[in-house]
Each structure stands twice: as structure tokens, then as C-alpha cells.
2 protein chains.
Amino acid sequence: MRILGIDPGSTVTGFGIVEYARSHLTLVVAGVIRPGRARTLPERLGIIGDGLRDLLREHCPQAVSIERVFQHANVHSALVLAHIRGALMLEVVRAGVTLHEYTALQVKKALVGNGHADKDQVRSMVVRLLKVREIPAPHDVSDALAVAICHAHSSESLGRRGGS
Amino acid sequence: MRILGIDPGSTVTGFGIVEYARSHLTLVVAGVIRPGRARTLPERLGIIGDGLRDLLREHCPQAVSIERVFQHANVHSALVLAHIRGALMLEVVRAGVTLHEYTALQVKKALVGNGHADKDQVRSMVVRLLKVREIPAPHDVSDALAVAICHAHSSESLGRRGGS
């Protein structure tokens, strides 16, 4: 199964695609979509939406995994992020790909076994699980790969329990 | 100038297109996109996004006007609404149409002259300005037409002041 993980953000949106087969994870591609700070929100949504559309067309993932964000220290930031998530979700639905959401707690627990793990711990575990030398900064890339891996593990354990 | 006004909502999204020429307003079309409550948020975004795409293609407005919502009594509702706005904004940007945002206060002031006007007063003024017999319930339709008319008035006054 090919899974695209997304870490949405208004200035940097991380993405990472992993291939998951017989409990083995392989990195396909990872990077960032960077619309820049100077643009208006609609312009940034256009760039992020087009970036995701290109990824979906080129790599044809069977599932998209994204962090569920329904709370945030800063209400304005949470609302901007929700606009970006809305645009991303529209693209995913249009592509006919199933969308899965996980909280930050679920992602950290699935990868590190500890819901309070920091971003460096998450990145280290992503490096280990994908057997790559390193994941470049910023954390948006490792966070995107982490939510993809979280879905891989979650779908495997669902499979074992006889779920879908 | 042809203006599409949108009143976004997760269960009902109102829309209204007006033609504005030489200080005269004409109703082109108005109605609602109703994705229903039963669906998931991504499914609803898909239905609303497709509905807007069809409207943009069929009626080719020169401008889209939408209510700016960055505060809400209920944070969860505000976040759901922000997802919908994000999906709508992506469609508008994709269509190459300019997007204009107005607060509820600006819309009410522009139409009724009073920022604390209620929805019935707004609807009555929409009926008067468009010279139609009535605007059917729900309020989503009159609210969408109101934000379109607000942009018509705003662009006219900008034009008078020599703005764009």
C-alpha cells in the first residue's frame, strides 16, 4: 500500500510518501510545498492545492493520512490551518483517495510509544523505520512521514483484527 | 460586473449571483448547495467544491464575495466553517476569479446601514434592491446575495474615489 502523509501549514506543508508491504516500509518521496509568507491566503491555498494535485497524479497513493487538528494555542493560526486542511481535503476527495486522520497523540504513540515525544524523537524514529540515513530539516517532512507511517501501522493492526 | 456571493455552511451553503451595471442590480441566479448532515467533512467539501466549480463555469462571474469569519461563538463550528471556506477559496483561485471578503458588520452596514441588523432586515433589503417579489427561505440565500451586493456597492464607491 502506498500512503501519502501530509503535515499542513500555511507557509510550509510537508509531505511524505511511503510504500508499505509485508510489514516493510520504504520511502518513495518526501519534501515540502512552500507557498511563502508574502501571498494572500487564497493564493497560498492555490499553490498548496496544486502541489497536492500533482503529487496525487504522479504517485497515485492508495491512502492519504493527515494530522487531525481541532485545537490550537492560537485560534487565528488554527483557523488558517483549517482553511488549508479544507483545500487539501477537497483535492483528496476529488482524486477518489481515502483520507485518514490521526491526532498528534496517536502519531507519537504509534511511532515512539509515547504521546509526549518531541519532534526530534519522532524524526529519529522515522529515520530508523524507513532505514534512511537522515530526513532533512524542517520537521514538516518528518512529521508528514510520521503520519503516513502511523496509518501504515494502524491499517496493519486493523487488518489483523479483521477490520478494513 | 457579475458577482457571485457565497454564504458558506457545512450543511447548507447559500449562493447568489447578481449583475451590477450603472448602479443597477439584477438577480441572475440564487440557491443552495446542500451536502447533508450525514456525510463526512471531506465528502461535504467535495460536494460544495463541485457545486461552486459548476457555478463558476456556468455563470462566469468576474468577482466572488464571501463573508470573512474569523470569530465564532463555537470554536468547533468555526473550524469546520474554515475548512469549507478553504475548499471554496481553492476553487475560486483555480478559476482565476478575484475573491473579496467582507465581515458580517460590513455587509449589514452596506445593505441596511446598521451593523446590528438581523437576518430578516437583510433579506427585506435584498428583496428591495433586487426588485424581486421574495427571496425564499432559508436565510443562506439572502445572506449570499447580501455579500454579493455589498461587493457591488463597495466596488462602486471605490470606483468613485478613483480606486480599483
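Please treat every number below as a calculation from the coordinates, not as lab data. All figures in this text were calculated on a predicted structure; none of them were measured in a lab. Here Cβ is always computed from backbone atoms with ideal geometry, including for glycine, and neighbour counts include all displayed protein chains.
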field: Peptide-level mean, for B:43-49, of C-beta atoms on other protein chains within 10 Å
entry: 5
Mean Kyte hydropathy of 0.5 or more with a Cα span along the axis of at least 24 Å, helices from DSSP in chain A: A:75-94
statement: Taking the label point 7 Å from Cα along the Cα-Cβ vector, the copy-to-copy distances for B:Lys131, listed from shortest in nm with one decimal, are 7.6
- prompt: What is the antiparallel percent of DSSP beta bridges lying wholly in chain A, to the nearest 5?
  reply: 60
task: Would you give the gap between the C-alpha center of the range B:115-138 and the C-alpha center of the range A:102-141, rounded to a whole Å?
output: 53
task: Could you list the trypsin sites (Lys or Arg not before Pro) in the range A:1-96 that lie in coil according to DSSP, counting only those with at most 12 other Cβ atoms within 10 Å of their Cβ?
output: A:Arg22, A:Arg37
task: Run through the other copies and list how far each one's label point is from that of A:Lys119, in nm with one decimal, shortest first; the point sits 7 Å from Cα along Cα-Cβ.
output: 4.1
field: Sorted by Cβ density within 10 Å, fewest first, the residues B:Lys119, A:Lys109
entry: B:Lys119, A:Lys109
message: Please report, for A:Glu43, the nm distances (one decimal) from its label point, 7 Å out from Cα along the beta-carbon direction, to the equivalent points in the remaining copies, shortest first.
response: 3.7
- line: If B:Val32, A:Val28 are placed from fewest to most neighbouring beta carbons inside 10 Å, the sequence is A:Val28, B:Val32
- prompt: Given labels modelled 7 Å from the Cα in the Cβ direction, how far is it in nm from A:Asp118 to B:Lys119?
  reply: 4.9
message: Within 10 Å of each Cβ in A:89-102, how many Cβ atoms from other chains are there, averaged over the peptide?
response: 5
message: Cut-off under 13 Å on the C-alpha distance; same-chain residues fewer than 8 positions from B:Lys108 excluded. Which aspartates and glutamates are left, in chain and number order?
response: B:Glu67, B:Asp118, B:Asp120, B:Asp143
